[in-house]
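Q: The structure is given below, and queries will be raised subsequently.
The values are calculated or read from the model by the stated rules, or taken from the named source; none is laboratory data. On a predicted model such as this, the values are computed, not experimentally measured, just so you know. Positions of Cβ are generated from backbone atoms using ideal geometry, with glycine treated the same way; all protein chains shown enter the neighbour counts.
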Amino acid sequence: MKYNKYIKDSILVSEIGLGAWQLGHNSGWQSMTEKEAVELVEKSLEYGINFFDTAPNYGHGTGEERLGKALKGIDRNKIVINTKFGHTDSGTTNFNSDYIRESLEGSLKRLQVNYVDSLIIHNPPTAYLDGNKNAHYEILERLIEEGKIKAYGASLDTYKDMKLLMNTTNAKVIEAFFNILHQDAAQAFAMALENEVGIIAKIPLDSGWLSGKYTAESTFNDIRSRWSRQDIQTRAHLVNRVNEIIQAKESLAQKAISFCLAYDAVSTVIPGNVNIAQLKSNVESINNPISDELFQKLEDFYLNEVKLLNLPW
């Protein structure tokens, strides 16, 4: 495993982190048993993963509970935990500033820890990102003073939102929607480096498309059912183009993760893992870096072929 800088007063974090949405019961994608969830976390630790990303709404709180059970007994100073605020364990949303503390205390209890390394606002409406117009950031600063968190930030999808957050707050963490097919966030990476903001790259496999397992004929009955037939056909075409550009026998998923890791601003990447085989493959991405030439081709591909399509999430 390789490790990168994350935030001030934090240990270096593993380039591959564990996105823990799948640990929860009935998480909305694929559900796993508590035994399977604990085994996945234990295997992550064996592979050198020390960064864990979770949220109250993952499995209606069971994601945090299971992560807490799996990490119990591990030296707290050797792991980094990021959780979120805004999407509640009851399945509703509550972005009100006066709910931050209650939400965090619930997470700490479920995780069985006294603090989290970072607390981020979970994909909030843009209106909540302006530090000059919201009380959230004063509360978050107090939580740092109290030792409940080390840093705060937000989970965001666009460059504009990232820029607004960094310009108006002291946020030091951004979980950015970023992959080969969605590179908008990269416009904010230089600013993140300048402001020492750690970047967590989320959805690096574009909800499974960059794993290579879907085609133009694929159908979905989960959250991905929001895509129209045209959306699916467009994505399938773009994935075929990515394969043509890569021209390699190596795993498409590993190349997609390595693309994210090629950016100095990215501290860690959190691909989904529904089983240990996927976890192992994702971890092996660090041994399968992309060349400078391929990196440039994939950036050009986005600018010239993908950007104007305005793909739905």
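Q: State which residue is modelled with the lowest pLDDT when the search covers only region 206-265 and only residues that are in a helix (DSSP H, G or I) and of a type in the set (Lys, Arg). Before the answer, list the steps.
A: Of the residues in region 206-265, the ones in a helix (DSSP H, G or I) are 209-211, 223-226, 229-246, 252-261.
Filter once more, keeping what is of a type in the set (Lys, Arg): 224, 226, 229, 235, 241, 255.
On the way: Arg224: 77, Arg226: 81, Arg229: 90, Arg235: 92, Arg241: 95, Lys255: 95.
Checked region 206-265; the qualifying residue modelled with the lowest pLDDT is Arg224.
Q: Please indicate, with yes or no, whether at least one residue in region 291-305 is closer than 24 Å to Trp21 by Cβ and surrounded by 15 or more Cβ atoms within 10 Å (Cβ to Cβ).
A: Step one: filter region 291-305 for residues closer than 24 Å to Trp21 by Cβ, giving none.
Checked against the condition, which is being closer than 24 Å to Trp21 by Cβ and surrounded by 15 or more Cβ atoms within 10 Å (Cβ to Cβ), region 291-305 yields no hits at all.
Q: When region 140-180 is examined, which residues are found to be under 17 Å from Leu205 (Cα atoms), surrounded by 23 or more Cβ atoms within 10 Å (Cβ to Cβ) and touching a helix residue (DSSP H, G or I) at 6+ places or on another chain (Cβ under 8 Å)?
A: Leu156, Ala176, Phe178, Asn179, Ile180
Q: Considering each of Ile81, Ile74 in turn, give the residue that is among the aliphatic types (A, V, I, L, M) and not in a strand (DSSP E or B). Spell out how you get there, then give the answer.
A: Working: Ile81 fails: not in a strand (DSSP E or B).
Of the residues listed, the single one that is among the aliphatic types (A, V, I, L, M) and not in a strand (DSSP E or B) is Ile74.
Q: Go through region 84-98 residue by residue and tally those that are surrounded by 17 or more Cβ atoms within 10 Å (Cβ to Cβ) and not in a strand (DSSP E or B).
A: So in region 84-98, the residues surrounded by 17 or more Cβ atoms within 10 Å (Cβ to Cβ) come out as 84-89, 95.
From what's left, not in a strand (DSSP E or B): 86, 88-89, 95.
Counting residues in region 84-98 that are surrounded by 17 or more Cβ atoms within 10 Å (Cβ to Cβ) and not in a strand (DSSP E or B) gives 4.
Q: Mind listing just one residue for me: the one in region 72-83 that is polar (S, T, N, Q) and touching a residue at least 40 places away in the same chain (Cβ under 8 Å) and, of those, surrounded by the most Cβ atoms within 10 Å (Cβ to Cβ)? Reasoning before the result, please.
A: First pass over region 72-83, keeping only residues polar (S, T, N, Q): 77, 82-83.
When the remaining residues are screened for being touching a residue at least 40 places away in the same chain (Cβ under 8 Å), the result is 77, 82.
Numbers: Asn77: 7, Asn82: 30.
In this case the residue turns out to be Asn82.
Q: For region 161-205, give me each residue that is assigned to a loop (DSSP other than H, G, I, E, B) and more than 18 Å from Ile16 (Cβ to Cβ). Show your work before the answer.
A: From region 161-205, those assigned to a loop (DSSP other than H, G, I, E, B) are 169-172, 178, 180-181, 183, 195-197, 203-205; that's our starting set.
Matches in region 161-205: Thr169, Asn170, Ala171, Lys172, Leu181, Gln183, Asn195, Glu196, Val197.
Q: Can we say Leu67 is under 18 Å from the mean Cα position of the chain (by Cα) and either in a helix (DSSP H, G or I) or without any contact (Cβ under 8 Å) to a residue 12 or more places away in the chain (or both)?
A: Numbers: under 18 Å from the mean Cα position of the chain (by Cα): yes; either in a helix (DSSP H, G or I) or without any contact (Cβ under 8 Å) to a residue 12 or more places away in the chain (or both): yes.
Yes: the conditions hold for Leu67.
Q: Looking only at region 72-83, how many residues end up being closer than 13 Å to Lys109 by Cα and within 20 Å of the chain's Cα centre (by Cα)? So that I can check it myself, show each step before the final result.
A: Looking only at region 72-83, we keep the residues that are closer than 13 Å to Lys109 by Cα, and these are 72, 83.
Okay, now just the ones that are also within 20 Å of the chain's Cα centre (by Cα), so 83.
Result for region 72-83: 1.
Q: Another question, if that's okay. Looking only at region 85-107, count every residue that is in contact (Cβ under 8 Å) with a residue 40 or more places away in the chain and under 19 Å from Gly147 (Cβ atoms) and tell me the total.
A: 6
Q: Select from region 266-297 the residues that are touching a Ser or Thr at 6+ places or on another chain (Cβ under 7 Å) and part of a helix (DSSP H, G or I) and list them in ascending order.
A: Initially, region 266-297 is screened for residues touching a Ser or Thr at 6+ places or on another chain (Cβ under 7 Å), giving 268, 279, 281, 285, 288-290.
Within region 266-297, Leu279, Ser281, Ser285 qualify.
Q: Sticking with this structure for a sec: Quick check on Ser103: is it within 22 Å of the chain's Cα centre (by Cα), of a type in the set (Ser, Thr, Tyr) and not in a strand (DSSP E or B)?
A: Numbers: within 22 Å of the chain's Cα centre (by Cα): yes; of a type in the set (Ser, Thr, Tyr): yes; not in a strand (DSSP E or B): yes.
Yes, satisfied.
Q: Quickly run through region 203-249 and pick out the residues that are more than 22 Å from Asn282 (Cα to Cα), among the β-branched types (Val, Ile, Thr) and either surrounded by 13 or more Cβ atoms within 10 Å (Cβ to Cβ) or over 22 Å from the mean Cα position of the chain (by Cα) (or both). Spell out how you get there, then give the answer.
A: As a first pass, look at region 203-249 and keep what is more than 22 Å from Asn282 (Cα to Cα): 216-223, 225-234, 237.
In the following step, the residues that additionally are among the β-branched types (Val, Ile, Thr) were identified as 219, 223, 232, 234.
Thr219, Ile232, Thr234 - these are the residues of region 203-249 that are more than 22 Å from Asn282 (Cα to Cα), among the β-branched types (Val, Ile, Thr) and either surrounded by 13 or more Cβ atoms within 10 Å (Cβ to Cβ) or over 22 Å from the mean Cα position of the chain (by Cα) (or both).
Q: While we're here: Of the residues Gly17, Gly28, Gly73, which is modelled with pLDDT under 90 and not hydroxyl-bearing (Ser, Thr, Tyr)? Spell out the reasoning first.
A: Numbers: Gly17 fails: modelled with pLDDT under 90; Gly73 fails: modelled with pLDDT under 90.
Result of the check over Gly17, Gly28, Gly73: Gly28.
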